[in-house]
1. Taking interchain pairs and intrachain pairs at least six residues apart, which have beta carbon atoms under 6 angstrom, with the first residue in the stretch A:202-230 and farther than 22 Å from B:E273 by Cα and the second of a type in the set (S, T, Y)?
2. When you scan the stretch A:161-176, do you find a residue that is over 19 Å from B:T275 (Cβ atoms) and at pLDDT below 95, even just one?
3. Could you pull out the residue among B:T51, B:T2 that is closer than 26 Å to A:S201 by Cβ, outside any strand (DSSP E or B), among the hydroxyl-bearing types (S, T, Y) and away from ligand 5 (no atom under 16 Å from the Cβ)?
4. If B:R253 satisfies every condition in (1) in a helix (DSSP H, G or I); (2) at the interface with another protein chain (Cβ under 9 Å from one of its Cβ atoms); (3) without any contact (Cβ under 8 Å) to a residue 12 or more places away in the chain; (4) of a type outside the set (S, T, N, Q) but one, which is the exception?
5. From B:G35, B:G68, B:G90, which residue is away from ligand 2 (no atom under 14 Å from the Cβ), touching a residue at least 60 places away in the same chain (Cβ under 8 Å), more than 14 Å from every other protein chain (Cβ to nearest Cβ) and in a loop (DSSP other than H, G, I, E, B)?
6. Only one of (1) within 14 Å of chain A (Cβ to nearest Cβ); (2) surrounded by fewer than 18 Cβ atoms within 10 Å (Cβ to Cβ) is not met by B:E43, so which one is it?
7. Output the residue which, of all residues in the stretch A:301-323 that are touching an Asp or Glu at 6+ places or on another chain (Cβ under 7 Å) and more than 14 Å from chain B (Cβ to nearest Cβ), is farthest from ligand 1 (Cβ to nearest atom).
8. For A:C300, all conditions in the list (1) surrounded by fewer than 22 Cβ atoms within 10 Å (Cβ to Cβ); (2) within 16 Å of ligand 3 (Cβ to nearest atom) hold save one; what is the number of the exception?
Amino acid sequence: MSDFTHADADSTTGEPLLQARDVKQHYPIKEGILRRQTGTVRAVDGVDIDIYPGDTHAIVGESGCGKSTLLETLLGLEEPTDGTISYEGTPFSDLSGSEKRALKSEIQIVFQNPESSLDPRNTIGQIISEPLHLHTDASTREIDARVVSLLDDVGLGPRYYGRYPHELSGGQQQRVAIARAISLNPTLLFLDEPTSALDVSVQSKILRLLDEIKDEYDLTYVMVTHDLSVVRHFATDVSVMYLGNIIEKATTDALFTDPKHPYTQALISAVPVPNPHHTAENDITLPGTVPEPSDPPSGCRFHPRCPIATDECAEDFPDFESHEGHDVRCIRIPEAEDLGSTEGSAVNASGENSRSGLSATRREEARQE
Amino acid sequence: MTQPLLEIDDLHTNFDTNSGTVNALRGVNLTINEGERVGLVGESGSGKSVTAQSILRLVDSPGRIADGSITLNGRDLLSLSESGMQNVRGRDITMIFQDPSTSLDPVYSIRSQMIETIGHNRNMSDAEAESVAIEYLERVDMPNPERILDSYPHELSGGMKQRVSIAMALGFDPDLIIADEPTTALDVTVQKKVMEIFKDIVEEEDLSVLWITHNLGVVAEFCDKIAVIYAGEVVEYGSVYDIFDRPAHPYTRELLQTIPNIERADEELRVIEGTVPNMRDPPSGCAFHPRCPDAEPRCETTRPDRVDGREHQASCLVHDAEDQ
Ligand SMILES: Nc1ncnc2c1ncn2[C@@H]1O[C@H](COP(=O)(O)OP(=O)(O)O)[C@@H](O)[C@H]1O
Ligand SMILES: Nc1ncnc2c1ncn2[C@@H]1O[C@H](COP(=O)(O)OP(=O)(O)O)[C@@H](O)[C@H]1O
Ligand code: SF4
Ligand code: SF4
Ligand SMILES: [Mg+2]
Ligand SMILES: [Mg+2]
């Protein structure tokens, strides 16, 4: 494995561990007794992403923008509707059956809710050892020894071996989920909102643990979250998603100190800052709500809510362009740079926009059921 | 302006369960002045929601207020009859919950719910109540109040429902609003909008708010005063500037360093060792001593004086707010 550091991640010299090209995940909407398809949810709608070895790559965006769907698709849990996903340069579709099985142990995932991802009828020991029984030929004794050392690695002692998930706190359950995920020595660990269900003091402990585990196990992380403060502290690279598309990619420092895309700017400016002296420089309150992924706007998907949109923005969805190390899908970057408090307040004043009506929100609710 | 509106004095609330008594509140002191926004912050299980429930005398069974007093405008709430208390709920104090569905009935239209509750609590005719409902829906920036009134809760998104529940709470014309994690379930951009709207109205009407949250970013943006609660007691109280610039209690200091701050990524996140205590058997002396980096032997046996909840104070044997 190449020794890739964060600073190099921008350059294209290294080979990505995981690569997605124009990946789509569409779900049919079926209605009526005949279950006829009446529409399509474009949950992920053409994503390019490169995950380099050693990265902690965060995928951020508001709920429903397609983060979890993208992660599940990248994990190979779901076949993409379109596009190519490659692991170390080989497309998933070119892998043989045994290579696919081998890949399953290379990529593991930790979910937001440990409670629902751990089988309540099994002991912690059984939960952590299951992948080892399934994917290795190790003896029961070897596996037991391994489980004890995994428990130790995640800060739980061997005394947790015989306990059940319900006897553990949320933070301890998340440690078990992490132990299980690293049991097969994966290369890539996917984290779907790993600390969102936890209390602040527990959150910082799990983040510290993930940091240590990453070094010890030489891992690459792909983390999905809506919590930008966590991303700021934890990630090396960030991709920002809006309505099934990535609209900006940059290193973490670049993204937070100098966001380029108007949506990224709005998202960052909305995060409450734990500092009463803080005054927002780029204070942008977005009008309206996120449109339906079954009925995305034409052109730039963000144009109905964008404070600097022009007529041209409704025509074509801009391609990625490079701006000072950021990859951004926006045709008006110089204007976006000036999106200061003056324009921000103009945006504040505008109300709900016409696209978001009751029917849209009703459909949103229905989808969530 | 600095007239006390709500005064909580030495409040004890217990839950008598099969496996022992949970001492959820162990002597809470807190004053909310007229026009003041007070943030109550602490980790899960520290007693935030039980404080809110106690103020409204709606503590879940098997809980009971065991000791202490709560006064609103000088009136003793704990000695009111149940019907007197019903008048207080809705007229004087209203509550906004994390899950707006708690205050919205799924089977009735927004119109019938708003007219019923506003009309009942303010003795208004349906027509008067409807115009109040429309006024507040407009004030919470709802695009088309008439259409919202005709809709049912399931037809609205989470952010819209929360704005409707805020409009309903404001429509009561209360003196005090208790908001328990009202924006926690919302996306940041929606949270920002809801907070801005709420803050504007509260300022215009000079309302008092008790804002319960675990999010220190939200209190920094919204509140004037902060009460930090740990193991059923307020361990530090002060203005937002006192708490963020001059924290005295070791728990407050640790808490501030354990939260990720989008502005200060260079600082390493600190970790508070240990876990929150089990309130069936809270630690002796200072309840924070098993986790406190500054603990001294006396902290295990001596309970520090409680803060009075009026000026910057910390409940600590070692650190004094005045020295900060
Ligand atoms: N299996 C599915 N069938 C239909 N729609 C789905 C399915 N899974 C997700 N969606 C929809 O796809 C969109 C993206 O969802 P998701 O990936 O869960 O977003 P996020 O993780 O960013 O909150 C949402 O509109 C969601 O309702
Ligand atoms: N219905 C109940 N029965 C028993 N214990 C309860 C009940 N409700 C709350 N408690 C306990 O009271 C304490 C404070 O809880 P709460 O006020 O809900 O905390 P939070 O700060 O998270 O809102 C906790 O120890 C909790 O377990
Ligand atoms: S392309 Fe146009 S609408 Fe899209 S973000 Fe840029 S300026 Fe806004
Ligand atoms: S009283 Fe002692 S244990 Fe408690 S917070 Fe102060 S120093 Fe720490
Ligand atoms: Mg998700
Ligand atoms: Mg609570």
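The values are calculated or read from the model by the stated rules, or taken from the named source; none is laboratory data. Bear in mind the structure is a predicted one, so any value in this text is a computation, not a measurement. Cβ placement follows ideal geometry from the backbone for every residue including glycine, while neighbour counts extend to all protein chains displayed.
1. A:Y221/A:T56
2. No, the stretch A:161-176 has no match at all.
3. Numbers: B:T2 fails: closer than 26 Å to A:S201 by Cβ.
Of the residues listed, the single one that is closer than 26 Å to A:S201 by Cβ, outside any strand (DSSP E or B), among the hydroxyl-bearing types (S, T, Y) and away from ligand 5 (no atom under 16 Å from the Cβ) is B:T51.
4. (2)
5. Working: B:G68 fails: in a loop (DSSP other than H, G, I, E, B); B:G90 fails: in a loop (DSSP other than H, G, I, E, B).
None of the other options fit; the residue is B:G35.
6. (2)
7. First, pick out the residues of the stretch A:301-323 that are touching an Asp or Glu at 6+ places or on another chain (Cβ under 7 Å): A:307-308, A:320.
Now drop any that are not more than 14 Å from chain B (Cβ to nearest Cβ), which leaves A:308, A:320.
Values: A:I308: 25, A:F320: 20 Å.
Checked the stretch A:301-323; the qualifying residue farthest from ligand 1 (Cβ to nearest atom) is A:I308.
8. Every condition holds for A:C300 apart from (1).
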